[in-house]
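So the structure is just underneath, and the comments pick up after that.
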Amino acid sequence: MLYAVISDVHSNLDAFEAVLNDIDRRRIREIIFLGDAVGYGPEPNECIELLSGKCSTLLAGNHDWAAVGSTDICCFNDYARHAIEWTTEMITDRSKAVLNSFVLSDEKKEADAFFVHATPKEPGEWHYLLSLGDAEVNFNYFDNKICFLGHSHQPFIIERMQSGELVLLRGEADMKPDSRYIINAGSVGQPRDGDPRACYAIVEYDRVEIVRIPYNIVNVQEKMRQAGLPHHLIERLALGR
Ligand code: ZN
């Protein structure tokens, strides 16, 4: 039992390739993608192509469906909206077809794991799961031992012990037989936890680990400048915010 969970690539090909190299180096054969292939970054088609070739599960994020007109962008801020309008113009028909094939949730029965972009409670409403209180509610909306999600770009591991007590863990955990878990895999292409390195999760039997991978941020920023993407989005990549 060995697989990788990646989320929120956001058209950042350099970060994605650095993560794929690390996955390859560790001889991990299965990759689950939790959504947001596009938005913010400069290389949407390349990322979509690579994702569809490498991942066994492809989930939809709000940016993916926004780029193909399948979800409302009313709650997007100006920068995100600008990037999505740019993305919609840039993506090919083939990319649109791939984005349209993305699903809201999936499970991997043999790993007793459930996968969703935003929340198990209302996957298509794109709410954020940010607190232990949010987690407590959402533990009631999936049956598996583990739920992986993304969306907030902030990695964490929340354990629900058999007693009902919730514990916030970071970095890594040895998963216990009687506990259940909600795990945020962080973001490959636009981390927002103050660490600008690409982020993803690895599961090996009962062990889960959040890993950070450095990549050439300056190179991506230059591509974003050339694409005319908003200055704010270019700056924040280096800050991990
Ligand atoms: Zn995202």
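For the reader, a short list of remarks on this structure follows.
- Exactly one residue out of LEU130, LEU149, LEU237 is hydrophobic (A, V, I, L, M, F, W, C), within 16 Å of the ligand (Cβ to nearest atom) and surrounded by fewer than 17 Cβ atoms within 10 Å (Cβ to Cβ): that is LEU130.
- Flag for VAL103 being more than 24 Å from PRO191 (Cβ to Cβ), modelled with pLDDT under 95 and β-branched (Val, Ile, Thr): no
- Looking only at segment 92-119, and only at residues there that are without any contact (Cβ under 8 Å) to a residue 60 or more places away in the chain, touching a helix residue (DSSP H, G or I) at 6+ places or on another chain (Cβ under 6 Å) and outside any helix (DSSP H, G or I), the one that is nearest to ILE48 (Cα to Cα): THR92
- Of the strands (runs of 3 or more DSSP E) lying entirely inside segment 169-241, those containing at least 3 residues that are under 17 Å from the mean Cα position of the chain (by Cα) are 180-184, 198-204, 207-213.
- Among residues that are under 24 Å from GLU43 (Cβ atoms) and of a type in the set (A, V, I, L, M, F, W, C), VAL167 is not included.
- Just one of the listed residues (ILE32, ILE84, ILE73) is within 16 Å of the ligand (Cβ to nearest atom) and in a loop (DSSP other than H, G, I, E, B), and it is ILE73.
- Residue in segment 51-70 that is farther than 14 Å from PHE102 by Cβ, within 11 Å of the ligand (Cβ to nearest atom), part of a loop (DSSP other than H, G, I, E, B) and touching a residue at least 60 places away in the same chain (Cβ under 8 Å) present: no
The values are calculated or read from the model by the stated rules, or taken from the named source; none is laboratory data. It should be emphasised that the depicted structure is a prediction, and the values quoted were computed from it without experimental measurement. Here the Cβ is made from the backbone with ideal geometry for all residues, glycine too, and neighbour counts use every protein chain on show.
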